[in-house]
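Working notes, structure below.
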Amino acid sequence: EKFLGSLLTALKTGEQLKLDFVYGSTNHQHQFYPLDGQQRLTTLWLLHWYIAYRLNKLTDSSIIKRLLHFSYETRSSSKQFCERLVKCGSKLMPQNQETISDAIMRQTWFPSFWRQDPTIQAMLRMLSGEQDNKIDGIEELFKLNNDYLPKYWESLISNSNECPIVFYKLDLENIGQS
């Protein structure tokens, strides 16, 4: 709840929010593999995905390509889930008062065993919250700010000098760590 609130405040005000260090290593293809900071990075990716979804940008090949750069290597199910969200997300149509997570789980591309996958469940919870009295999901918080989504999107995809949400990347191999 507090983390999402801080992200929203940064997007609203343009005031920089520093998310501290993300530790990891970079391979020869310049892909970064985080060791620490995965939850923060996943939340940022879900925020990008959600706003792109709400703005009907998931049909734009450049947006799809950008979002597909994020991937999970530890669990193939998480990697597939992220890919399907990007590739099939434009077809999501929540019904009545259905949450985005419920709409996702209703899709034919969502295998039932993913309901037991802890990473996927955590991502769905981050998207829609826990359905209690707290506003602790991206959907819950950002649907209240619907008119500002285009502004938030532009802020998120701006260059690193202008984006209000930043983190420090520390490549462990550059400091003699593996």
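The values are calculated or read from the model by the stated rules, or taken from the named source; none is laboratory data. These numbers were taken from a predicted model, which means no experiment stands behind them. Glycine gets a Cβ as well: all are built from the backbone with ideal geometry, and neighbour counts include every protein chain shown. Accessible surface is based on the protein model in full, side chains and every heavy atom, while ligands, DNA and RNA are left aside. Shrake-Rupley method; radii C 1.70, N 1.55, O 1.52, S 1.80 Å.
Quick notes on this one:
- Scanning segment 13-30 turns up one or more residues that are among the hydrophobic types (A, V, I, L, M, F, W, C) and at pLDDT 90 or above.
- Members of segment 80-104 found to be over 13 Å from the mean Cα position of the chain (by Cα) and among the charged types (D, E, K, R), listed by number: Arg84, Lys87, Lys91, Glu98, Asp102
- Subset of segment 1-15 [in a helix (DSSP H, G or I) and surrounded by fewer than 19 Cβ atoms within 10 Å (Cβ to Cβ)]: Lys2, Phe3, Gly5, Ser6, Thr9, Lys12, Thr13
- Answer from Ser90, Ser62, Ser25 - the residue that is assigned to a helix (DSSP H, G or I), surrounded by fewer than 17 Cβ atoms within 10 Å (Cβ to Cβ) and touching a Leu at 6+ places or on another chain (Cβ under 6 Å): Ser90
- Members of segment 131-178 found to be of a type in the set (Asp, Glu), more than 25 Å from Gln31 (Cβ to Cβ) and free of Cβ contacts under 8 Å to residues at least 40 places away in the same chain, listed by number: Asp132, Glu140, Asp147, Glu154
- Residues that are charged (D, E, K, R), modelled with pLDDT of 85 or more and either open to solvent by 30 Å² or more (accessible area, probe 1.4 Å) or out of contact with any helix residue (DSSP H, G or I) (no Cβ under 6 Å at 6 or more places or on another chain) (or both), drawn from segment 137-161: Glu140, Asp147, Lys151, Glu154
- Where Trp114 falls short, out of the listed (1) touching a residue at least 12 places away in the same chain (Cβ under 8 Å); (2) in contact with a helix residue (DSSP H, G or I) (Cβ under 9 Å, 6 or more places away or on another chain); (3) under 27 Å from Phe167 (Cα atoms): (3)
- Residue within segment 32-55 that is out of contact with any strand residue (DSSP E or B) (no Cβ under 7 Å at 6 or more places or on another chain), in a loop (DSSP other than H, G, I, E, B) and buried (at least 16 other Cβ atoms within 10 Å of the Cβ) present: no
- For Lys18, the requirement of being of a type in the set (Lys, Arg) and surrounded by 15 or more Cβ atoms within 10 Å (Cβ to Cβ) is not met.
- Hits in segment 132-150 (condition: of a type outside the set (S, T, N, Q) and over 11 Å from Leu4 (Cβ atoms)): Asp132, Lys143, Leu144, Asp147, Tyr148, Leu149, Pro150
- The residues on offer are Phe110, Phe81, and the sole one that is open to solvent by less than 50 Å² (accessible area, probe 1.4 Å) and closer than 20 Å to His48 by Cα is Phe81.
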